[in-house]
Amino acid sequence: MSLTPSDDSTVDQQSGQKAIDSGLYIVATPIGNLADMSQRAVELLRAAELVAVEDSRVTGKLLHHLGLKKRMVRYNDHSSESDRERLLEAARSSVVVLVSDAGTPLISDPGYKLVRAAHEAGVTVRTAPGANAAIAALSISGLPTDRFLFAGFLPSKAKARDEAMADLAGVRATLVFYESGPRLATTLAALSSGLGNREAAVARELTKRFEELVRGNLLDLVERYKDQEPKGEIVLMIGPPEAEGVETGDVDAALTEALQNLPVSKAAAQVAKRFGLDRAELYARASAMKKAQ
Ligand code: SAM
């Protein structure tokens with residue numbers, strides 16, 4: 001592994017001074033604890049000609065805390081094309097930073113259209129990674145982290161929410177949602193009837209004073225929150241469905257048959273799809289069976 005202290009700068013040939021390269025920088029900010037701001041994120045904000053922000057009051061407080069005064073421009077995905085063009089024009093010759101109110105921009109936050117437009121316009125886009133509530137929650141949840149699906153906020157209208165749940169029901173991965181206190185009980189009840197009584201976890205106020213992780217199955221959590229609306233910000237995680245009713249013998253028989261006509265990877269993919277199993281696991285099993293043949 002090689003660690004580079006700062007690879008954003010180039011030495012100016014004439015002055016010999018280091019200057020941070022121009023471009024659009026997507027900079028993560030803390031989700032609660034201000035000490036989670038990275039040194040590089042601070043350097044980029046210090047070097048920024050322009051800071052594109054969701055809410056200038058929120059970012060203004062962060063800049064004040066860091067002792068910085070910067071030109072801020074409000075930006076969100078409803079901003080006009082000409083707003084985007086102005087930001088990208090500036091990013092051709094100077095450092096333009098995009099931040100959101102908290103965490104990583106573009107993750108349930110504005111920035112997607114700007115980043116796409118930057119790529120189309122040939123403007124360099126770089127990341128200064130940092131806090132993200134979904135990843136932070138997942139890392140302490142005790143739920144499987146080898147495969148996860150981040151689904152943002154579930155729709156609040158029942159019909160759209162049920163459709164979204166139907167799409168997610170067969171996904172063999174931990175599901176990660178953003179949620180709010182007032183909606184939590186309704187969402188938990190809907191998920192337990194839509195997905196079954198799976199393992200789950202509620203992470204609240206991460207990195208803040210009242211950080212809390214509550215683990216249990218969905219019915220436990222429905223019971224716990226039905227009359228108690230939690231305060232603060234929430235990430236809700238649901239473990240993957242159990243591979244019920246799949247007999248190893250059936251899977252092996254299907255693999256043996258598939259391996260007669262298909263290469264290992266295709267045989268594994270076909271059987272994984274049929275039984276709703278993990279493709280990588282079946283690939284390993286199919287390879288072993290092929291070798292033993
Ligand atoms: N871009 C942010 C990120 O990288 O995590 C997320 C922005 S989204 C608009 C805000 C949602 O993230 C909140 O409603 C909550 O679900 C989740 N969230 C943000 N901060 C959190 C925290 N400290 N603890 C738990 N959840 C948090």
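The values are calculated or read from the model by the stated rules, or taken from the named source; none is laboratory data. Treat the numbers as computed from the prediction; the structure is a model and nothing was measured. Ideal geometry is used to build each Cβ from the backbone, glycine not excepted, and the neighbour counts take in all protein chains shown. In case anyone asks, the SASA skips ligands and DNA or RNA and just uses the protein heavy atoms, side chains included. Shrake-Rupley method; radii C 1.70, N 1.55, O 1.52, S 1.80 Å.
Residue pairs whose Cβ atoms lie under 6 Å apart, separated by 6 or more positions or on different chains, with the first residue in segment 240-252 and under 14 Å from Gly170 (Cβ atoms) and assigned to a loop (DSSP other than H, G, I, E, B) and the second modelled with pLDDT under 75 and of a type outside the set (Val, Ile, Thr), are Val246/Phe275. As a summary of the residue check, Ala269 satisfies the conditions (1) touching a Lys or Arg at 6+ places or on another chain (Cβ under 6 Å); (2) loosely packed, with under 13 Cβ neighbours inside 10 Å except for the one numbered (2). State whether one or more residues within segment 260-274 are of a type in the set (Val, Ile, Thr) and modelled with pLDDT of 80 or more. The answer is yes; a qualifying residue exists.
Being part of a loop (DSSP other than H, G, I, E, B) and under 25 Å from Ser180 (Cβ atoms) is the filter here, so list the residues in segment 103-142 that pass it. First the steps, then the outcome.
If we filter segment 103-142 for residues that are part of a loop (DSSP other than H, G, I, E, B), which is where we start, we get 104-111, 122-124, 129-132, 142.
Matches in segment 103-142: Thr104, Pro105, Leu106, Ile107, Ser108, Asp109, Pro110, Gly111, Gly130, Ala131, Asn132, Gly142.
Does Lys208 fit the bill of being in contact with a Phe, Trp or Tyr (Cβ under 9 Å, 6 or more places away or on another chain) and open to solvent by 60 Å² or more (accessible area, probe 1.4 Å)? Taking the combined requirement at face value, the residue does not satisfy it. Of everything in segment 26-66, what is in a loop (DSSP other than H, G, I, E, B) and within 13 Å of the ligand (Cβ to nearest atom)? Give them in sequence order. Matches in segment 26-66: Ala28, Pro30, Ile31, Gly32, Asn33, Glu54, Asp55.
When each of Glu179, Glu163 is tested for being within 16 Å of the ligand (Cβ to nearest atom), of a type in the set (D, E, K, R) and farther than 30 Å from Ser93 by Cα, the lone residue that passes is Glu179. Among the residues of segment 102-138, the one identified as of a type in the set (Asp, Glu) and within 7 Å of the ligand (Cβ to nearest atom) is Asp109.
On inspection, Leu87 fails the criterion of being more than 18 Å from His119 (Cβ to Cβ) and touching a strand residue (DSSP E or B) at 6+ places or on another chain (Cβ under 6 Å). If we scan segment 111-128, do we find a residue that is within 12 Å of Ile26 (Cα to Cα) and aromatic (Phe, Trp, Tyr)? Taking every residue of segment 111-128 in turn, at least one turns out to be within 12 Å of Ile26 (Cα to Cα) and aromatic (Phe, Trp, Tyr). Going residue by residue through segment 189-204, is there one that turns out to be surrounded by fewer than 18 Cβ atoms within 10 Å (Cβ to Cβ), at pLDDT 95 or above and near the ligand (Cβ under 9 Å from one of its atoms)? So far as segment 189-204 goes, no, none of its residues is surrounded by fewer than 18 Cβ atoms within 10 Å (Cβ to Cβ), at pLDDT 95 or above and near the ligand (Cβ under 9 Å from one of its atoms). If you go through segment 143-160 and keep only what is within 16 Å of the ligand (Cβ to nearest atom) and either open to solvent by less than 70 Å² (accessible area, probe 1.4 Å) or in contact with a strand residue (DSSP E or B) (Cβ under 9 Å, 6 or more places away or on another chain) (or both), you end up with Leu143, Phe148, Leu149, Phe150, Ala151, Gly152, Phe153, Leu154, Pro155.
Scanning segment 97-153 for residues that are within 27 Å of Pro240 (Cα to Cα), out of contact with any helix residue (DSSP H, G or I) (no Cβ under 8 Å at 6 or more places or on another chain) and of a type in the set (A, V, I, L, M) gives Ala133, Ala134, Ile135, Ala136, Ala137, Leu138, Ile140, Leu143. Look through Leu213, Leu184 and report the one residue that is within 11 Å of the ligand (Cβ to nearest atom) and crowded, with 19+ Cβ neighbours inside 10 Å. None of the others qualify; the one that does is Leu184. Output yes when any residue across segment 50-69 is among the basic types (Lys, Arg) and in contact (Cβ under 8 Å) with a residue 40 or more places away in the chain, and no when none is. Looking through segment 50-69, none of the residues is among the basic types (Lys, Arg) and in contact (Cβ under 8 Å) with a residue 40 or more places away in the chain.
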